[in-house]
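> What follows is a single structure, and I will ask about it in a moment.
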Amino acid sequence: MSATKGYRGPKGTYDVYPGGGQGQEPHERPELWELVERVARDVFGRYNYSEVRLPVFEEAELFVRSSGETSDVVTKEMFLFTDKGGRELALRPEGTPGVVRAFVEHNLDRLAQPTKLWYMGPMFRHERQQKGRYRQHVQIGAEVLGSPDPLVDVEVISLLYAIHKSLGVKGEVVYLNNLGDFETRRRYVPELRGFLKKHEAHLDPDSRARLDKNPMRTFDSKSKETQELLDEAPLIGDFLSEDARGHLAAVEAGLDALGIPYKLDERLVRGLDYYTLTVFEAKSAALGAQDTVGAGGRYNGLVEQLGGPDLAGIGFGTGVERILLAAEAPEGGAGLDAYFITLVPEARLPALRLAGALRDAGLSCDLDYADRSAKGQFKGADRAGARFAVVIGDEELARGVCALRDMASGEQREVRISDGPQELLRAAGA
RNA sequence: GUGAUCGUAGCUCAGUUGGCAGAGCAUCGGGUUGUGGUCCCGAAGGUCGCGGGUUCGAGCCCCGUCGAUCACCCCA
């Protein structure tokens, strides 16, 4: 916050640093990130997904091709730059294009199908920041390539739901829709456009501008008048092909079987061009206007469009900052096993040696390096959440022992220093 | 990119009609020459976001700028 004296982080970014949570947003706390990573890794493992780690920048063209020339993400939110070889590059605004690119580049369709992948990493969008919206933010995502099976849709949605649930996201509702296949949209879009043209005078300016290029996005409008108008508009549900209708029904049956609560929302459209059939959005009532915690959908034409085989695909992305904002912050972290308190300079080397031995044995410990008073060092032990304080002073050195103090009970016993860490461990265990 | 509100100690915030920058918490030290989490005392910590203007005098008023928050646009 202060920053008169030096540099500040770039607009729309934030730092993760130790601070005991004081004045920090949850996503600024390192212990919460460790928790998220642990949980994500664990859940993905249980669903048999493999991790991919990809560059945070790609050829800009890749995003234009996949996300869509008219999408906001591409037209106004990309961080673009040219490298010294004249290549047009972009910091990735989302994860899916990179994953599909890597899938095609490495011929991952040779692996067992479908290919189930997950990632976690920063995404970049040049937009006005807000709480729960940052220019650099972290998404956890999954992509399943190579299967059109609606039960894969179910798995992906349940995966998203499981991650949120494991991390304590509050007030979550999953919205589901089906945007149809290409045939569906060929019939539906002209119908919708025709309807909107008739009422063009009553549309808000943004919706009017989208009329020709992407009329379905009109459903995203927050204008009251436009929304009232849309009550009369034709809905895509009535235009779904036989296949699309069956797909949606199968997804619903699967979600019901798993007991995942969802709401069908025929007005749900997504900002990216590549979606087909299933789209979904998980929102949390615990957030403000940026209430989407995670979202995704099926993209059956994308792999081929990016130069790969004609394979189906589906995936989601979920924002870690938003997960943490919408979650109950867990309290209490793991403390140290031992904290060494040295009362005379001659005690420092023996303490260092013992601490090293304990660390080698797998215990966590720390010592005072600030030459503090005994009282100060005990405070340090307390603040570090140490289970034991190991005290070495004049008297102990003279008798070749250290005092092992249980910080919770206050009980103290002596252990011979020459007995080494094993004896300390035994004494501590008692 | 548009609009509104805000910016004072590490954190949360007081600061009157413009008159010597404060509190609580946190930090460090002392009370207990070697024993923490309670209590008491003390210390340290600020170019009041930054730059300009008005004024004898600006944390306070005016302009600009940067940043944050909220709402749009859109999204995770």
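> Could you please state how large a percent of the accessible area of segment A:45-158 is carbon and sulfur, counting protein chains only and using a 1.4 Å probe?
49 percent
> Determine the percent antiparallel among the DSSP beta bridges restricted to chain A, to the nearest 5.
80 percent
> For labels at A:E423 and A:D42 in the simple 7 Å Cα→Cβ model, what's the distance in nm?
It works out to 3.9 nm between the two label points.
> Ratio of segment A:258-350's C-alpha Rg to 2.2 N^0.38 Å, to two decimals?
Values: Rg = 24.3 Å, N = 93, 2.2 N^0.38 = 12.3 Å.
With N residues counted in segment A:258-350, Rg over 2.2 N^0.38 Å equals 1.98.
> Per residue, how many Å² of accessible area does chain A show with a 1.4 Å probe?
Numbers: 21880 Å² over 430 residues.
Dividing the accessible area of chain A by its residue count gives 51 Å².
> Would you give the gap between the C-alpha center of segment A:112-181 and the C-alpha center of segment A:252-303, rounded to a whole Å?
9 Å
> Continuing with the same structure: Applying 1/(1 + (r/R0)^6) with R0 = 35 Å to the Cβ-Cβ distance of A:A329 and A:K375, what FRET efficiency is obtained, to the nearest 0.05?
Details: r = 32 Å, r/R0 = 0.91.
For A:A329 and A:K375, the calculated efficiency is 0.65.
> Under the Kirkwood approximation applied to all pairs of distinct alpha-carbon atoms, what is the hydrodynamic radius of segment A:338-429 in Å?
12.8 Å
> Once amide H atoms are built 1.01 Å from N in the peptide plane, which residues 5 or more positions from A:T278, or in another chain, come under 5 Å H to H?
A:L179, A:R298
> Using a basic spin-label model with each label point 7 Å from the Cα along Cα→Cβ, how many nm lie between A:E51 and A:R193?
Between A:E51 and A:R193, the simple spin-label model gives 4.6 nm.
> Now for a separate question. Would you mind telling me the share, in percent, of accessible area of segment A:338-429 contributed by carbon and sulfur at probe 1.4 angstrom?
49 percent
> From the cross-link list A:K197/A:K263; A:K222/A:K283; A:K76/A:K213; A:K131/A:K213, which pairs have alpha carbons spaced over 20 Å apart? Numbers along the way, then the final one.
Details: A:K197/A:K263 30 Å; A:K222/A:K283 16 Å; A:K76/A:K213 16 Å; A:K131/A:K213 31 Å.
In this structure, A:K197/A:K263; A:K131/A:K213 exceed 20 Å between Cα atoms.
> Counting only protein chains, not ligands or nucleic acids, how are A:R38, A:R322, A:R298 ordered by accessible area (probe 1.4 Å), most first?
If we order A:R38, A:R322, A:R298 from most to least accessible, we get A:R38, A:R322, A:R298.
> Quote the charge dipole size of segment A:155-262 about the Cα centre in Debye, to the nearest 20; the model charges only the Cβ of Lys and Arg (+1) and of Asp and Glu (-1).
In total the dipole reaches around 360 debye.
> Could you give log10 I(q)/I(0) at q = 0.09, 0.10, 0.12 Å⁻¹ for chain A, computed by the Debye formula over C-alpha point scatterers of equal weight, without solvent?
For the requested q values the scattering log ratios are -0.70, -0.80, -1.01.
> Sticking with this one: Determine the gain in length on full extension of the stretch A:A257-A:A286; use 0.36 nm per residue of separation and subtract their C-alpha separation, reporting nm with one decimal.
Taking A:A257 through A:A286 to full extension adds about 7.7 nm, to one decimal.
> Using 0.36 nm per residue of separation minus the Cα-Cα distance, give me the extension gain between A:E69 and A:N107 in nm, one decimal.
This chain segment gains 11.0 nm when fully extended.
> Can you pull the one-decimal nm distance between simple spin-label points at A:D238 and A:D406, each 7 Å off the Cα toward Cβ?
The two pseudo-label positions are separated by 7.4 nm.
> Residue by residue through segment A:101-111, which ³J(HN,Hα) values in whole Hz follow from phi under the Karplus form 6.51 cos²θ - 1.76 cosθ + 1.60 (θ = phi - 60°), with glycine and proline marked x?
Using θ = phi - 60°, the values come out as 4, 5, 4, 6, 4, 9, 6, 5, 5, 6, 7 Hz.
> Using R₀ = 30 Å, calculate the FRET efficiency as 1/(1 + (r/R₀)^6) where r is the Cβ-Cβ separation of A:R208 and A:Q130; round to 0.05.
Calculated value: 0.70.
> Can you compute the helix-only [θ] at 222 nm over chain A? Use -39500 (n - 2.57) per DSSP H run of at least 4 residues, normalise by all residues, nearest 500 deg cm²/dmol.
Theoretical 222 nm ellipticity from helices: -10500 deg cm²/dmol.
> So how much slack lies between A:V344 and A:L80, counting 0.36 nm per residue of separation and subtracting their Cα-Cα distance, in nm? Write down the numbers at each step before the final one.
Numbers: separation 264, 0.36 × 264 = 95.04 nm, distance 5.90 nm.
Difference between extended and current length: 89.1 nm.
The values are calculated or read from the model by the stated rules, or taken from the named source; none is laboratory data. Predicted model only: the values in this text are computed from it and were never measured. Note: ideal-geometry Cβ built from the backbone for every residue, glycine included; neighbour counts use all protein chains shown. Accessible surface is based on the protein model in full, side chains and every heavy atom, while ligands, DNA and RNA are left aside. Shrake-Rupley method; radii C 1.70, N 1.55, O 1.52, S 1.80 Å.
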